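So the structure is just underneath, and the comments pick up after that.
The values are calculated or read from the model by the stated rules, or taken from the named source; none is laboratory data. In this text, all values refer to a predicted model and were calculated from it rather than measured experimentally. Cβ coordinates were reconstructed from backbone atoms using ideal geometry, including for glycine residues, and neighbour counts include every protein chain displayed.
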Amino acid sequence: MEYRKFSADCHLDMPWMPPELFVSEAPNDMKDRMPFVEDGPDGPQWVTKKGANFGLLNGVGPGGAKLVPGQNKRVDIMATTGMFDDGKKGIQRPSDPHLRLKEMEMDGVDAEVIYGILGSASRMKDPEAAIVMFRVYNDWLKDFCSHYPDRQIGLACLPYGDIDAAVEEVYRCAKMGLKGLELSCSWDMDPMWHPCWEPLWKAVNDVELPLHFHTFPTTDPKAREMAEGQVRRAAMFTGVTGFQMGLVNILAAMMGAGVFERYPNVRVAFGESGIGWIPYALDRMDFEYEDRFRDLMPMKPSEYWKRQCRATFQYDVIGPMLLNRNDLMTEDTLMWGSDYPHTDGIWPESDKYIAEQFEGLTAAQIKKITCTNAIEFYGLKN
């Protein structure tokens with residue numbers, strides 16, 4: 001396969017999953033606790049019997065919102081491709097591997113990394129059922145990716161509420177042949193510096209698959225859900241403009257806990273993280289390390305970053321300006337992604353946004369960021 005453009009951050013969300021999947025594939029004693037589709041006031045919607053709601057079937061974005069023309073410019077552009085009209089007809093372009101390949105080709109993308117249904121776990125209100133839901137999804141994902149294994153790279157979903165279950169799923173999915181792992185995170189999870197995560201670090205190190213952390217809400221979402229009107233809009237604005245920088249807590253915690261030193265096979269990608277904040281965070285960590293934390297690790301945090309970490313982004317005009325400043329964030333550690341089919345993604349106009357944000361970079365730098373780095377990170381061949 002000759003790769004020219006590789007999107008390292010794309011998605012498959014609950015709203016676009018096959019409606020019967022979880023109930024049909026779950027063990028008999030768990031079927032009643034799985035997500036399913038029922039009629040709602042705005043159309044078919046994903047729910048559970050415990051009251052969880054995952055949004056409209058084939059709705060907009062990860063939350064399955066109702067399409068409101070004129071509310072979101074990027075969504076309006078996606079809508080012109082017929083994606084949501086097809087969804088109303090039961091045609092699920094994001095979750096059909098063949099139709100999804102056409103979506104990729106429409107955007108000039110040769111291969112993509114697919115983040116899964118992680119956000120659904122915190123909505124389940126049933127940790128045990130969430131573990132089963134992820135197992136069903138991962139089994140389905142293996143088959144989904146089998147059609148174009150070098151072009152659709154699915155990430156196995158790991159539960160965050162039960163570390164033993166997450167470890168078990170690491171080994172199971174590695175044996176299944178999936179090429180990466182992503183950990184479901186939540187605002188109320190144990191901090192990554194806590195020793196309780198040690199079994200997971202060991203398992204990830206053992207299987208040598210890259211571990212992914214995607215952006216996630218860093219405050220209790222109930223507060224936003226209870227708000228109305230412009231107050232709710234203000235809460236949403238706050239969340240979507242600052243959520244990427246919350247990943248610094250995971251990065252600093254793993255650095256401080258010595259995870260990258262003890263486990264050199266642990267490679268981490270931060271999904272949809274943006275990159276403008278990274279040079280500052282690395283510089284700050286290096287400063288504190290030199291000043292008073294040299295007992296925690298033998299190398300500077302920025303050196304572990306370059307050795308074992310990557311970040312993905314769809315549009316960040318500040319980040320490229322900071323490349324190679326003080327030898328902190330280099331083009332070797334960055335991977336571009338379109339964020340398909342999310343509401344702030346740039347599909348199907350990726351070329352336009354790539355040209356805008358990478359103006360001033362060399363062709364070699366752009367090639368690394370938009371293609372080569374991802375090929376190497378996921379062990380593919382060009």
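Brief remarks follow.
- Condition check for VAL240: under 27 Å from GLY337 (Cα atoms), out of contact with any Phe, Trp or Tyr (no Cβ under 9 Å at 6 or more places or on another chain) and of a type in the set (Val, Ile, Thr): yes
- A Cβ distance below 7 Å, combined with a sequence gap of six or more or placement on separate chains, defines the contacts here; from the range 100-116, residues that are in contact (Cβ under 8 Å) with a residue 60 or more places away in the chain reach residues that are in a loop (DSSP other than H, G, I, E, B) and among the acidic types (Asp, Glu) in the pairs ALA111/ASP150.
- The test for being in a loop (DSSP other than H, G, I, E, B) and of a type outside the set (A, V, I, L, M) does not hold for GLY154.
Rundown of residues vs (1) buried (at least 19 other Cβ atoms within 10 Å of the Cβ); (2) modelled with pLDDT under 95; (3) under 26 Å from TYR3 (Cα atoms); (4) in contact with a strand residue (DSSP E or B) (Cβ under 8 Å, 6 or more places away or on another chain), yes/no style:
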site	(1), (2), (3), (4)
GLY116	yes, no, yes, yes
SER120	yes, yes, no, yes
TYR137	yes, no, no, yes
SER146	no, no, yes, no
ALA156	yes, no, yes, yes
MET189	no, yes, no, no
MET192	yes, yes, no, no
LYS202	no, no, no, no
ASN205	no, no, no, no
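- Residue match in the range 289-302 (condition: aliphatic (A, V, I, L, M) and under 22 Å from ALA8 (Cβ atoms)): no
- Leading residue by the ranking (farthest from the chain's Cα centre (by Cα)) among those in the range 360-382 that are in contact (Cβ under 8 Å) with a residue 24 or more places away in the chain and part of a loop (DSSP other than H, G, I, E, B): GLY360
- Among the residues of the range 62-92, those identified as in contact with a Pro (Cβ under 8 Å, 6 or more places away or on another chain) and in contact (Cβ under 8 Å) with a residue 12 or more places away in the chain are PRO62, GLY63, GLY64, ILE77, MET78, ALA79, THR81, MET83, GLN92.
- Candidate set from the range 217-273 (those that are of a type in the set (Asp, Glu) and modelled with pLDDT under 75); member that is nearest to the chain's Cα centre (by Cα): ASP220
- Scanning the range 162-182 for residues that are over 13 Å from TRP197 (Cβ atoms) and not charged (D, E, K, R) yields ALA165, TYR171, CYS173, ALA174, MET176, GLY177, LEU178, GLY180, LEU181.
- Residue within the range 339-346 that is over 19 Å from CYS185 (Cβ atoms) and hydroxyl-bearing (Ser, Thr, Tyr) present: yes
- The range 316-360: number of residues that are among the β-branched types (Val, Ile, Thr), within 15 Å of GLY108 (Cα to Cα) and surrounded by fewer than 18 Cβ atoms within 10 Å (Cβ to Cβ): 0
- Being assigned to a loop (DSSP other than H, G, I, E, B) and farther than 30 Å from ASP76 by Cβ is a property that MET299 has.
- Among the residues of the range 302-315, those that are assigned to a helix (DSSP H, G or I) and surrounded by 19 or more Cβ atoms within 10 Å (Cβ to Cβ) comprise SER302, TYR304, TRP305, GLN308.
- Once the range 1-57 is narrowed to residues that are in a helix (DSSP H, G or I) and of a type in the set (S, T, N, Q), the residue that is surrounded by the fewest Cβ atoms within 10 Å (Cβ to Cβ) is ASN28.
- Residue check for GLY63: surrounded by fewer than 23 Cβ atoms within 10 Å (Cβ to Cβ), closer than 21 Å to VAL240 by Cβ and modelled with pLDDT under 95: yes
- Taking the criterion of being charged (D, E, K, R) and surrounded by fewer than 20 Cβ atoms within 10 Å (Cβ to Cβ), the only residue of the range 361-372 that qualifies is LYS367.
- Sole exception among (1) in a loop (DSSP other than H, G, I, E, B); (2) within 21 Å of ASP351 (Cβ to Cβ); (3) out of contact with any strand residue (DSSP E or B) (no Cβ under 8 Å at 6 or more places or on another chain) for ILE77, by number: (1)
- When VAL75 is tested against the conditions (1) closer than 16 Å to CYS10 by Cα; (2) surrounded by fewer than 20 Cβ atoms within 10 Å (Cβ to Cβ); (3) within 20 Å of the chain's Cα centre (by Cα), the lone failure is (2).
- Residue selected from the range 153-193 under the condition more than 27 Å from ASP143 (Cα to Cα) and touching a residue at least 12 places away in the same chain (Cβ under 8 Å), by the criterion farthest from the chain's Cα centre (by Cα): TRP193
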